[in-house]
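Here the structure comes first, spelled out in C-alpha coordinates, and everything after it is commentary.
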Amino acid sequence: MNNFVYYNPVKILFGAGQIEKISKEIPSEAKILMLYGGGSIKSNGVYDQVKIALEDFDLTEFGGIEPNPTYETLMEAVKIVNEKNIDFLLAVGGGSVIDGTKFVAAAAKYQGDDPWDLLSKGAKVKDAVSLATVLTLPATGSEVNGNSVISRKSTQEKLAFGHPRLFPVFSVLDPQVVASLPERQVRNGIVDAYIHVIEQYLTYPVHAELQDKWAESILTSLIEIGPEVLKSPDNYHHAANLMWLASMALGGIIKVGCPEDWSTHMIGHELTAMHGVDHALSLAIVLPGVMDEMREEKREKLLQYAERIWGIRAGDDDERIDEAIKQTNYFFQRLGMETRLSDHNIGHETIDEIQKRFESRPGFDALSETETLTPERVKRLLESRL
(Lines give C-alpha, C1' and ligand atoms only; values in the text may rest on other atoms or scores of the structure.)
Protein backbone atom coordinates (compact mmCIF):
# COMPACT_ATOMS: atom_id res chain seq x y z
CA MET A 1 0.00 0.00 0.00
CA ASN A 2 1.33 3.43 -0.96
CA ASN A 3 2.09 6.25 1.48
CA PHE A 4 -0.92 8.45 2.10
CA VAL A 5 -2.45 11.42 3.87
CA TYR A 6 -6.17 11.34 4.61
CA TYR A 7 -8.06 14.55 5.34
CA ASN A 8 -11.82 14.93 5.77
CA PRO A 9 -13.03 17.57 8.23
CA VAL A 10 -16.72 17.62 7.21
CA LYS A 11 -19.29 17.44 10.01
CA ILE A 12 -22.27 15.31 8.92
CA LEU A 13 -25.81 16.00 10.13
CA PHE A 14 -27.58 12.84 8.97
CA GLY A 15 -31.25 11.94 9.12
CA ALA A 16 -34.74 13.38 9.13
CA GLY A 17 -35.20 16.81 10.69
CA GLN A 18 -31.55 17.86 10.57
CA ILE A 19 -32.08 21.02 8.51
CA GLU A 20 -33.51 22.85 11.51
CA LYS A 21 -30.16 22.46 13.27
CA ILE A 22 -28.07 24.41 10.76
CA SER A 23 -28.51 27.71 12.61
CA LYS A 24 -26.34 26.29 15.37
CA GLU A 25 -23.54 25.48 12.92
CA ILE A 26 -23.19 28.94 11.33
CA PRO A 27 -21.72 31.98 13.14
CA SER A 28 -24.58 34.26 14.17
CA GLU A 29 -22.94 37.31 12.55
CA ALA A 30 -22.37 35.58 9.20
CA LYS A 31 -23.56 37.13 5.95
CA ILE A 32 -24.92 34.12 4.07
CA LEU A 33 -25.48 33.51 0.38
CA MET A 34 -27.80 30.56 -0.20
CA LEU A 35 -27.23 28.98 -3.63
CA TYR A 36 -29.58 26.56 -5.33
CA GLY A 37 -30.66 25.26 -8.72
CA GLY A 38 -33.86 25.31 -10.73
CA GLY A 39 -36.32 25.55 -7.90
CA SER A 40 -37.13 21.95 -6.96
CA ILE A 41 -36.23 22.79 -3.37
CA LYS A 42 -39.27 25.07 -3.32
CA SER A 43 -41.64 22.24 -4.23
CA ASN A 44 -40.22 19.58 -1.91
CA GLY A 45 -40.19 21.71 1.22
CA VAL A 46 -36.42 22.01 1.62
CA TYR A 47 -36.38 25.72 0.75
CA ASP A 48 -38.94 26.58 3.42
CA GLN A 49 -37.09 24.52 6.02
CA VAL A 50 -33.82 26.33 5.30
CA LYS A 51 -35.49 29.74 5.33
CA ILE A 52 -37.09 29.05 8.71
CA ALA A 53 -33.80 27.79 10.14
CA LEU A 54 -32.00 30.94 8.97
CA GLU A 55 -34.71 33.52 9.67
CA ASP A 56 -32.47 35.42 12.12
CA PHE A 57 -29.51 35.63 9.71
CA ASP A 58 -28.45 38.14 7.07
CA LEU A 59 -29.43 35.97 4.10
CA THR A 60 -29.15 36.56 0.34
CA GLU A 61 -30.28 34.07 -2.31
CA PHE A 62 -28.88 33.01 -5.68
CA GLY A 63 -30.83 30.52 -7.78
CA GLY A 64 -30.53 29.10 -11.26
CA ILE A 65 -27.36 26.99 -11.01
CA GLU A 66 -27.53 24.48 -13.86
CA PRO A 67 -27.29 20.66 -13.67
CA ASN A 68 -23.80 21.10 -15.10
CA PRO A 69 -22.86 24.35 -13.35
CA THR A 70 -21.43 26.92 -15.72
CA TYR A 71 -18.67 29.41 -15.21
CA GLU A 72 -20.85 32.11 -16.72
CA THR A 73 -23.66 31.67 -14.19
CA LEU A 74 -21.36 31.20 -11.22
CA MET A 75 -19.45 34.40 -11.93
CA GLU A 76 -22.72 36.26 -11.34
CA ALA A 77 -22.79 34.73 -7.87
CA VAL A 78 -19.16 35.77 -7.35
CA LYS A 79 -20.20 39.38 -8.01
CA ILE A 80 -22.84 39.16 -5.29
CA VAL A 81 -20.35 37.69 -2.81
CA ASN A 82 -17.94 40.55 -3.37
CA GLU A 83 -20.55 43.32 -3.54
CA LYS A 84 -22.31 42.25 -0.32
CA ASN A 85 -19.22 41.08 1.57
CA ILE A 86 -20.68 37.59 1.91
CA ASP A 87 -18.62 35.42 4.26
CA PHE A 88 -20.58 32.15 4.29
CA LEU A 89 -22.02 30.12 1.41
CA LEU A 90 -24.79 27.56 1.81
CA ALA A 91 -25.33 25.19 -1.11
CA VAL A 92 -28.84 23.71 -1.10
CA GLY A 93 -29.08 21.08 -3.82
CA GLY A 94 -27.28 18.20 -5.46
CA GLY A 95 -23.72 17.82 -6.63
CA SER A 96 -23.97 20.49 -9.31
CA VAL A 97 -25.07 23.16 -6.86
CA ILE A 98 -22.42 22.08 -4.38
CA ASP A 99 -19.68 22.00 -7.03
CA GLY A 100 -20.76 25.42 -8.25
CA THR A 101 -20.69 26.79 -4.71
CA LYS A 102 -17.14 25.53 -4.26
CA PHE A 103 -16.09 27.38 -7.38
CA VAL A 104 -17.79 30.55 -6.10
CA ALA A 105 -15.99 30.12 -2.78
CA ALA A 106 -12.60 29.95 -4.48
CA ALA A 107 -13.28 32.45 -7.27
CA ALA A 108 -14.44 35.16 -4.87
CA LYS A 109 -11.03 35.08 -3.19
CA TYR A 110 -8.95 34.55 -6.34
CA GLN A 111 -6.37 37.29 -6.93
CA GLY A 112 -5.48 36.46 -10.54
CA ASP A 113 -6.98 37.77 -13.78
CA ASP A 114 -9.51 34.99 -14.46
CA PRO A 115 -10.83 32.44 -11.94
CA TRP A 116 -11.19 29.95 -14.80
CA ASP A 117 -7.44 29.53 -14.42
CA LEU A 118 -8.22 27.49 -11.31
CA LEU A 119 -9.50 24.80 -13.69
CA SER A 120 -7.73 25.37 -16.99
CA LYS A 121 -4.26 26.21 -15.69
CA GLY A 122 -4.18 24.59 -12.27
CA ALA A 123 -3.87 27.95 -10.48
CA LYS A 124 -3.58 27.50 -6.72
CA VAL A 125 -6.48 28.01 -4.33
CA LYS A 126 -4.97 30.23 -1.64
CA ASP A 127 -8.16 31.23 0.14
CA ALA A 128 -11.88 30.51 -0.05
CA VAL A 129 -15.17 31.62 1.49
CA SER A 130 -16.49 29.18 4.09
CA LEU A 131 -19.25 26.91 2.78
CA ALA A 132 -21.70 24.26 3.91
CA THR A 133 -24.27 22.09 2.14
CA VAL A 134 -27.81 20.79 2.41
CA LEU A 135 -27.83 17.77 0.12
CA THR A 136 -30.94 17.06 -1.94
CA LEU A 137 -29.65 14.35 -4.29
CA PRO A 138 -27.39 11.40 -3.39
CA ALA A 139 -24.88 11.04 -6.22
CA THR A 140 -21.63 12.92 -6.43
CA GLY A 141 -20.25 12.84 -2.89
CA SER A 142 -19.41 16.52 -3.27
CA GLU A 143 -20.93 17.13 0.16
CA VAL A 144 -17.99 15.30 1.80
CA ASN A 145 -15.00 16.34 -0.29
CA GLY A 146 -13.13 19.36 -1.65
CA ASN A 147 -13.59 18.61 -5.36
CA SER A 148 -15.55 20.46 -8.02
CA VAL A 149 -16.34 20.12 -11.73
CA ILE A 150 -17.38 23.20 -13.72
CA SER A 151 -18.42 23.75 -17.34
CA ARG A 152 -17.81 26.76 -19.56
CA LYS A 153 -20.40 27.34 -22.28
CA SER A 154 -18.24 29.62 -24.40
CA THR A 155 -15.58 26.94 -24.96
CA GLN A 156 -17.65 23.75 -24.45
CA GLU A 157 -15.25 22.58 -21.75
CA LYS A 158 -15.89 20.72 -18.51
CA LEU A 159 -12.95 20.67 -16.10
CA ALA A 160 -12.23 19.75 -12.50
CA PHE A 161 -10.31 21.25 -9.59
CA GLY A 162 -10.14 20.80 -5.86
CA HIS A 163 -8.51 21.91 -2.63
CA PRO A 164 -8.82 21.14 1.11
CA ARG A 165 -10.11 24.68 1.67
CA LEU A 166 -13.21 23.71 -0.31
CA PHE A 167 -14.36 21.00 2.10
CA PRO A 168 -17.77 21.97 3.53
CA VAL A 169 -17.82 23.01 7.16
CA PHE A 170 -20.87 20.78 7.57
CA SER A 171 -23.30 18.88 5.37
CA VAL A 172 -26.93 18.01 6.04
CA LEU A 173 -28.02 14.63 4.63
CA ASP A 174 -31.77 14.10 4.98
CA PRO A 175 -32.85 10.92 3.14
CA GLN A 176 -36.47 12.09 3.03
CA VAL A 177 -35.67 14.23 -0.02
CA VAL A 178 -35.15 11.11 -2.18
CA ALA A 179 -38.92 10.47 -2.25
CA SER A 180 -39.49 13.69 -4.21
CA LEU A 181 -36.77 13.15 -6.82
CA PRO A 182 -37.48 12.27 -10.47
CA GLU A 183 -36.55 8.70 -11.35
CA ARG A 184 -33.90 9.95 -13.77
CA GLN A 185 -32.04 11.77 -11.00
CA VAL A 186 -32.14 8.76 -8.67
CA ARG A 187 -30.87 6.51 -11.46
CA ASN A 188 -28.07 8.94 -12.26
CA GLY A 189 -27.09 9.09 -8.61
CA ILE A 190 -26.80 5.31 -8.32
CA VAL A 191 -24.62 5.06 -11.42
CA ASP A 192 -22.49 8.07 -10.48
CA ALA A 193 -21.73 6.61 -7.05
CA TYR A 194 -20.97 3.19 -8.53
CA ILE A 195 -18.43 4.56 -10.98
CA HIS A 196 -16.84 6.79 -8.35
CA VAL A 197 -15.97 3.59 -6.52
CA ILE A 198 -14.77 1.87 -9.69
CA GLU A 199 -12.36 4.71 -10.49
CA GLN A 200 -10.65 4.20 -7.12
CA TYR A 201 -10.86 0.41 -7.04
CA LEU A 202 -10.32 -0.92 -10.55
CA THR A 203 -6.61 -0.17 -10.94
CA TYR A 204 -3.89 -2.59 -9.80
CA PRO A 205 -3.28 -4.40 -6.49
CA VAL A 206 -1.34 -2.62 -3.74
CA HIS A 207 -2.22 -5.02 -0.90
CA ALA A 208 -4.83 -2.59 0.46
CA GLU A 209 -7.24 -5.30 1.57
CA LEU A 210 -9.38 -3.11 3.82
CA GLN A 211 -9.86 -0.46 1.14
CA ASP A 212 -10.70 -3.17 -1.40
CA LYS A 213 -13.31 -4.70 0.90
CA TRP A 214 -14.80 -1.28 1.66
CA ALA A 215 -15.03 -0.52 -2.06
CA GLU A 216 -16.55 -3.92 -2.81
CA SER A 217 -19.13 -3.52 -0.06
CA ILE A 218 -20.24 -0.19 -1.56
CA LEU A 219 -20.48 -1.72 -5.04
CA THR A 220 -22.50 -4.76 -3.94
CA SER A 221 -24.76 -2.58 -1.78
CA LEU A 222 -25.46 -0.26 -4.72
CA ILE A 223 -26.30 -3.27 -6.90
CA GLU A 224 -28.73 -4.52 -4.25
CA ILE A 225 -30.23 -1.24 -3.02
CA GLY A 226 -30.22 0.84 -6.22
CA PRO A 227 -33.11 -0.97 -7.95
CA GLU A 228 -35.07 -1.02 -4.68
CA VAL A 229 -34.83 2.76 -4.34
CA LEU A 230 -36.07 3.18 -7.90
CA LYS A 231 -39.05 0.94 -7.13
CA SER A 232 -39.84 2.52 -3.75
CA PRO A 233 -38.24 5.97 -3.43
CA ASP A 234 -40.36 6.71 -0.37
CA ASN A 235 -38.76 3.84 1.58
CA TYR A 236 -36.74 5.82 4.11
CA HIS A 237 -34.31 3.03 4.96
CA HIS A 238 -33.40 2.31 1.33
CA ALA A 239 -33.05 6.06 0.68
CA ALA A 240 -30.86 6.50 3.76
CA ASN A 241 -28.55 3.72 2.68
CA LEU A 242 -28.28 5.10 -0.86
CA MET A 243 -27.46 8.57 0.44
CA TRP A 244 -24.75 7.23 2.74
CA LEU A 245 -23.33 4.95 0.04
CA ALA A 246 -23.03 7.87 -2.39
CA SER A 247 -21.23 9.95 0.23
CA MET A 248 -18.85 7.15 1.14
CA ALA A 249 -18.15 6.43 -2.53
CA LEU A 250 -16.26 9.71 -2.83
CA GLY A 251 -15.63 10.61 0.79
CA GLY A 252 -11.95 9.75 0.52
CA ILE A 253 -11.64 6.69 2.73
CA ILE A 254 -11.62 3.96 0.06
CA LYS A 255 -8.78 5.58 -1.89
CA VAL A 256 -6.35 5.83 1.03
CA GLY A 257 -2.99 4.45 -0.06
CA CYS A 258 -4.38 3.29 -3.41
CA PRO A 259 -3.85 4.33 -7.04
CA GLU A 260 -6.78 6.03 -8.78
CA ASP A 261 -7.94 6.18 -12.38
CA TRP A 262 -10.31 9.01 -13.35
CA SER A 263 -10.09 8.48 -17.09
CA THR A 264 -13.75 7.45 -17.38
CA HIS A 265 -14.69 10.79 -15.83
CA MET A 266 -12.31 12.78 -17.99
CA ILE A 267 -13.71 11.21 -21.15
CA GLY A 268 -17.29 11.43 -19.95
CA HIS A 269 -16.90 15.14 -19.19
CA GLU A 270 -16.27 15.75 -22.87
CA LEU A 271 -19.53 14.04 -23.85
CA THR A 272 -21.39 16.23 -21.37
CA ALA A 273 -19.65 19.42 -22.48
CA MET A 274 -20.23 18.77 -26.16
CA HIS A 275 -23.68 17.15 -26.13
CA GLY A 276 -25.28 17.85 -22.76
CA VAL A 277 -25.34 14.15 -21.87
CA ASP A 278 -26.15 13.58 -18.19
CA HIS A 279 -22.93 13.14 -16.23
CA ALA A 280 -23.77 9.67 -14.92
CA LEU A 281 -24.99 8.57 -18.34
CA SER A 282 -21.71 9.66 -19.93
CA LEU A 283 -19.85 7.48 -17.41
CA ALA A 284 -22.08 4.48 -18.07
CA ILE A 285 -21.35 4.82 -21.78
CA VAL A 286 -17.59 5.13 -21.34
CA LEU A 287 -16.74 2.72 -18.50
CA PRO A 288 -17.22 -0.60 -20.35
CA GLY A 289 -14.91 0.70 -23.07
CA VAL A 290 -12.25 1.69 -20.55
CA MET A 291 -12.47 -1.71 -18.85
CA ASP A 292 -12.00 -3.49 -22.17
CA GLU A 293 -9.26 -1.22 -23.54
CA MET A 294 -7.30 -1.31 -20.27
CA ARG A 295 -7.76 -5.00 -19.53
CA GLU A 296 -4.02 -5.76 -19.54
CA GLU A 297 -3.13 -2.95 -17.13
CA LYS A 298 -6.12 -3.76 -14.91
CA ARG A 299 -6.14 -7.54 -15.35
CA GLU A 300 -5.64 -8.58 -11.71
CA LYS A 301 -8.24 -6.20 -10.35
CA LEU A 302 -10.68 -6.97 -13.16
CA LEU A 303 -10.52 -10.64 -12.22
CA GLN A 304 -10.97 -9.77 -8.56
CA TYR A 305 -13.93 -7.56 -9.49
CA ALA A 306 -15.44 -10.35 -11.61
CA GLU A 307 -15.29 -12.84 -8.74
CA ARG A 308 -16.11 -10.67 -5.74
CA ILE A 309 -18.81 -8.45 -7.28
CA TRP A 310 -20.43 -10.68 -9.88
CA GLY A 311 -19.48 -14.16 -8.63
CA ILE A 312 -17.80 -15.06 -11.93
CA ARG A 313 -15.40 -17.98 -11.51
CA ALA A 314 -15.83 -20.09 -14.65
CA GLY A 315 -13.79 -19.69 -17.82
CA ASP A 316 -10.32 -18.44 -18.60
CA ASP A 317 -9.13 -14.98 -17.56
CA ASP A 318 -10.38 -13.14 -20.63
CA GLU A 319 -13.74 -14.89 -20.58
CA ARG A 320 -14.24 -13.86 -16.94
CA ILE A 321 -13.26 -10.28 -17.72
CA ASP A 322 -15.61 -10.21 -20.70
CA GLU A 323 -18.44 -11.44 -18.50
CA ALA A 324 -17.67 -8.85 -15.80
CA ILE A 325 -17.84 -6.07 -18.39
CA LYS A 326 -21.10 -7.53 -19.71
CA GLN A 327 -22.63 -7.68 -16.24
CA THR A 328 -21.55 -4.10 -15.46
CA ASN A 329 -23.13 -2.84 -18.68
CA TYR A 330 -26.26 -4.88 -17.97
CA PHE A 331 -26.55 -3.37 -14.47
CA PHE A 332 -26.58 0.12 -15.96
CA GLN A 333 -29.15 -0.93 -18.53
CA ARG A 334 -31.39 -2.50 -15.86
CA LEU A 335 -31.42 0.88 -14.14
CA GLY A 336 -32.61 2.46 -17.38
CA MET A 337 -29.37 3.67 -18.97
CA GLU A 338 -28.87 3.56 -22.74
CA THR A 339 -25.16 2.84 -22.81
CA ARG A 340 -24.18 3.22 -26.46
CA LEU A 341 -23.05 6.46 -28.11
CA SER A 342 -25.33 5.68 -31.04
CA ASP A 343 -28.30 5.66 -28.62
CA HIS A 344 -27.67 9.40 -28.27
CA ASN A 345 -26.80 10.23 -31.89
CA ILE A 346 -23.12 10.68 -31.04
CA GLY A 347 -20.72 9.49 -33.71
CA HIS A 348 -17.23 9.64 -35.17
CA GLU A 349 -17.08 13.44 -35.39
CA THR A 350 -17.33 13.74 -31.60
CA ILE A 351 -14.80 10.94 -31.07
CA ASP A 352 -12.30 12.67 -33.37
CA GLU A 353 -12.80 15.96 -31.54
CA ILE A 354 -12.20 14.34 -28.15
CA GLN A 355 -8.98 12.81 -29.44
CA LYS A 356 -7.83 16.24 -30.66
CA ARG A 357 -8.68 17.87 -27.35
CA PHE A 358 -6.76 15.29 -25.36
CA GLU A 359 -3.75 15.59 -27.66
CA SER A 360 -3.61 19.36 -27.11
CA ARG A 361 -4.60 19.64 -23.44
CA PRO A 362 -1.82 19.39 -20.82
CA GLY A 363 -2.12 16.25 -18.70
CA PHE A 364 -4.61 14.50 -20.98
CA ASP A 365 -2.12 12.80 -23.28
CA ALA A 366 -1.54 9.89 -20.85
CA LEU A 367 -4.57 9.10 -18.72
CA SER A 368 -5.21 6.30 -16.20
CA GLU A 369 -3.32 5.12 -13.14
CA THR A 370 -0.57 3.77 -15.41
CA GLU A 371 -0.52 6.82 -17.71
CA THR A 372 -0.87 4.51 -20.70
CA LEU A 373 -4.31 5.54 -21.95
CA THR A 374 -3.29 7.73 -24.87
CA PRO A 375 -5.64 9.84 -27.01
CA GLU A 376 -5.40 7.20 -29.73
CA ARG A 377 -6.57 4.53 -27.29
CA VAL A 378 -9.36 6.84 -26.06
CA LYS A 379 -10.54 7.08 -29.66
CA ARG A 380 -10.47 3.31 -29.99
CA LEU A 381 -12.43 2.65 -26.82
CA LEU A 382 -15.05 5.24 -27.77
CA GLU A 383 -15.41 3.63 -31.19
CA SER A 384 -16.15 0.38 -29.39
CA ARG A 385 -19.06 2.16 -27.65
CA LEU A 386 -20.80 3.28 -30.85
With the structure loaded, tell me whether Phe331 is more than 23 Å from Val191 (Cβ to Cβ) and under 22 Å from the mean Cα position of the chain (by Cα) or whether it fails that test. no
With the first residue restricted to the stretch 372-383 and required to be part of a helix (DSSP H, G or I), and the second required to be among the charged types (D, E, K, R), Cβ contacts under 6 Å at 6 or more apart or on different chains are Pro375/Glu359; Arg377/Glu293; Leu381/Glu293
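Given the structure, is Leu219 of a type in the set (A, V, I, L, M, F, W, C) and either free of Cβ contacts under 8 Å to residues at least 12 places away in the same chain or closer than 29 Å to Thr70 by Cβ (or both)? Can you show your working first?
On the way: of a type in the set (A, V, I, L, M, F, W, C): yes; either free of Cβ contacts under 8 Å to residues at least 12 places away in the same chain or closer than 29 Å to Thr70 by Cβ (or both): no.
Spelling it out, it is not the case that Leu219 is of a type in the set (A, V, I, L, M, F, W, C) and either free of Cβ contacts under 8 Å to residues at least 12 places away in the same chain or closer than 29 Å to Thr70 by Cβ (or both).
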Could you grab the pairs with beta carbons closer than 8 Å, sequence gap of 6+ or different chains, first residue in the stretch 38-57 and in the same structural domain as Ser23 (by TED's automatic domain parsing), second one of a type in the set (Lys, Arg)? Asp48/Lys42; Ala53/Lys21
Residues in the stretch 216-225: is at least one farther than 18 Å from Gly94 by Cα, at pLDDT below 95 and not assigned by TED's automatic domain parsing to the domain that holds Ala16? no
Return only the number of the condition from (1) in a helix (DSSP H, G or I); (2) more than 22 Å from the chain's Cα centre (by Cα) that Ile254 does not satisfy. (2)
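Please state which one of Glu369, Glu323 is in contact (Cβ under 8 Å) with a residue 24 or more places away in the chain, of a type in the set (D, E, K, R) and assigned by TED's automatic domain parsing to the domain that holds Leu302.
Step by step, each of Glu369, Glu323 is checked, and only Glu369 is in contact (Cβ under 8 Å) with a residue 24 or more places away in the chain, of a type in the set (D, E, K, R) and assigned by TED's automatic domain parsing to the domain that holds Leu302.
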Step by step: first the residues of the stretch 337-369, then only those that are out of contact with any Ser or Thr (no Cβ under 8 Å at 6 or more places or on another chain) and of a type in the set (Gly, Ala, Ser), then the one that is farthest from Gly226 (Cα to Cα). Which residue is that? Ser360
Pull up the stretch 172-209, narrow it to residues that are in contact with a Phe, Trp or Tyr (Cβ under 9 Å, 6 or more places away or on another chain) and not in a helix (DSSP H, G or I), then point me to the one that is farthest from Ala139 (Cα to Cα). Leu202
Any chance the stretch 257-274 includes a residue that's β-branched (Val, Ile, Thr), farther than 30 Å from Tyr71 by Cβ, touching a residue at least 40 places away in the same chain (Cβ under 8 Å) and not assigned by TED's automatic domain parsing to the domain that holds Asn145? no
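Here's the yes/no breakdown for (1) surrounded by 19 or more Cβ atoms within 10 Å (Cβ to Cβ); (2) at positive phi; (3) in contact with a Pro (Cβ under 9 Å, 6 or more places away or on another chain); (4) of a type outside the set (Gly, Ala, Ser):
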site	(1), (2), (3), (4)
Tyr47	yes, no, no, yes
Glu55	no, no, no, yes
Thr60	no, no, no, yes
Glu83	no, no, no, yes
Leu89	yes, no, no, yes
Ala108	yes, no, yes, no
Gln111	no, no, no, yes
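Does Val149 satisfy the criteria of being among the hydrophobic types (A, V, I, L, M, F, W, C), modelled with pLDDT of 95 or more, buried (at least 21 other Cβ atoms within 10 Å of the Cβ) and outside the structural domain of Glu260 (by TED's automatic domain parsing)? Talk me through it step by step, then tell me what you get.
On the way: among the hydrophobic types (A, V, I, L, M, F, W, C): yes; modelled with pLDDT of 95 or more: yes; buried (at least 21 other Cβ atoms within 10 Å of the Cβ): yes; outside the structural domain of Glu260 (by TED's automatic domain parsing): yes.
Here the answer is yes, as Val149 does meet what is asked.
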Return the residues of the stretch 135-146 that are at pLDDT 95 or above and in contact with an Asp or Glu (Cβ under 8 Å, 6 or more places away or on another chain); say none if nothing qualifies. Leu135, Ser142
Run Pro182 past the list (1) touching a helix residue (DSSP H, G or I) at 6+ places or on another chain (Cβ under 8 Å); (2) modelled with pLDDT under 95 and report the number of the one that doesn't hold. (1)
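Being in a strand (DSSP E or B), among the polar types (S, T, N, Q), in contact with a Ser or Thr (Cβ under 9 Å, 6 or more places away or on another chain) and at negative phi: is that true of Thr133 here? Reasoning before the result, please.
Values: in a strand (DSSP E or B): yes; among the polar types (S, T, N, Q): yes; in contact with a Ser or Thr (Cβ under 9 Å, 6 or more places away or on another chain): yes; at negative phi: yes.
It is true that Thr133 is in a strand (DSSP E or B), among the polar types (S, T, N, Q), in contact with a Ser or Thr (Cβ under 9 Å, 6 or more places away or on another chain) and at negative phi.
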Hits in the stretch 336-356 (condition: over 22 Å from the mean Cα position of the chain (by Cα), in contact (Cβ under 8 Å) with a residue 40 or more places away in the chain and either surrounded by 15 or more Cβ atoms within 10 Å (Cβ to Cβ) or assigned to a loop (DSSP other than H, G, I, E, B) (or both)): Ile346, Thr350
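Does Pro115 meet the test of being under 30 Å from Leu222 (Cβ atoms) and either in a loop (DSSP other than H, G, I, E, B) or out of contact with any Pro (no Cβ under 7 Å at 6 or more places or on another chain) (or both)?
On the way: under 30 Å from Leu222 (Cβ atoms): no; either in a loop (DSSP other than H, G, I, E, B) or out of contact with any Pro (no Cβ under 7 Å at 6 or more places or on another chain) (or both): yes.
No; evaluated as a whole, the condition is false for this residue.
Does Ala139 satisfy the condition of being part of a helix (DSSP H, G or I), outside the structural domain of Ile218 (by TED's automatic domain parsing) and closer than 27 Å to Leu271 by Cβ? Please lay out each step first, then the result.
Working: part of a helix (DSSP H, G or I): no; outside the structural domain of Ile218 (by TED's automatic domain parsing): yes; closer than 27 Å to Leu271 by Cβ: yes.
No.
The values are calculated or read from the model by the stated rules, or taken from the named source; none is laboratory data. For clarity, every value in this text was computed on a predicted model and none was experimentally measured. Ideal geometry is used to build each Cβ from the backbone, glycine not excepted, and the neighbour counts take in all protein chains shown.
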